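Read-outs: derived from the displayed coordinates by stated rules, not from any lab. Keep in mind the model is a prediction, meaning the values are calculated, not measured. Every residue, glycine among them, receives a Cβ derived from its backbone with ideal geometry; neighbour counts consider all protein chains shown.
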Amino acid sequence: MRIVLLGKPGSGKGTQAVMLSEKTGLPHLSSGAILRDEIRERTPFGLRIEEYVLRGEIGPQELITDVVFGHIERKRYASGFILDGFPRTVYQAEKLDEQYRPARCVLIDVPDDLIVDRISQRLTCAGCGAIYHRAFRPPSAPGVCDSCGAELRQRSDDNAEAIRNRPEIFRNDVQPVVDRYRDANHLIAIDGTSSPGEVYKTLEAATISR
Ligand code: AMP
């Protein structure tokens, strides 16, 4: 099954995608993680997109689409995946529908005021990508991932400028994607304001148990 998770940065998409992936065995594909790997490896593509990612902006969307689709092809994921962070524009949604039409599109809905706190308190595992919150979901040992033992870091794009930019970028670029799926009667919106466990129950009901 192909599942798309939509939501503002900090809405909990990444956390929910990891939980759903563990339950279903479907691979979790985060376009942001794919881009961050390319940047870390200093590939030509990584160097090209680095400044956009640091500012929290949408980069060259055609190129990014090719890279994400290349990843799906290479790993033979075409029959099923959980996509997190893609599509982020109507262009990307159109391409996705053409090649890998999703069975479920879920919007995790969270108001703007919660987002800033969640992003500025977010810690991400450098090894497995697990996500923590300094106050509400702290690791058992400070700075160390509970799942894999690797170091926890603040993402370099969780900086003040990117955090400021993100709500507007969501409204301009991602909201039209949400509207597109809603207009096509293909959107399931769930409330993302409660605890990760509570949100997960609703997500499961909206996807695999439906
Ligand atoms: P995320 O991990 O989803 O928060 O993404 C981190 C950053 O990567 C975003 O702020 C964008 O700069 C970039 N990015 C991730 N996914 C996409 C995408 N589908 N299209 C364009 N840029 C993206």
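What to note about this one:
- Lysine pairs meeting the criterion (Cα under 20 Å, 8 or more apart or interchain), as found in the chain: 6
- GNM result for the chain, Cα springs below 10 Å: residue of R76, R118, R36 fluctuating most strongly: R76
- Ranking I115, N159, L6 by Cα position along the charge dipole of the chain, where only Lys, Arg, Asp and Glu carry charges on their C-beta atoms, puts L6 farthest toward the positive end.
- By average C-beta atoms within 10 angstrom, highest first, the peptides 18-30, 132-144: 18-30, 132-144
- Charge sum, other residues only, whose C-beta stays under 14 Å from A103's C-beta, Lys/Arg counted +1 and Asp/Glu -1: +3
- Radius 10 Å from Cβ of G14, net charge of other residues (Lys, Arg +1; Asp, Glu -1): +1
- Rounded to the nearest 500, the 222 nm mean residue ellipticity of the chain from helices alone is -14000 deg cm²/dmol, with -39,500 (n - 2.57) taken per DSSP H run of at least 4 residues.
- Neighbour net charge for L63 - beta-carbon separation under 15 angstrom, K R +1, D E -1: -3
- Compactness relative to 2.2 N^0.38 Å, alpha carbon Rg of the chain: 0.96
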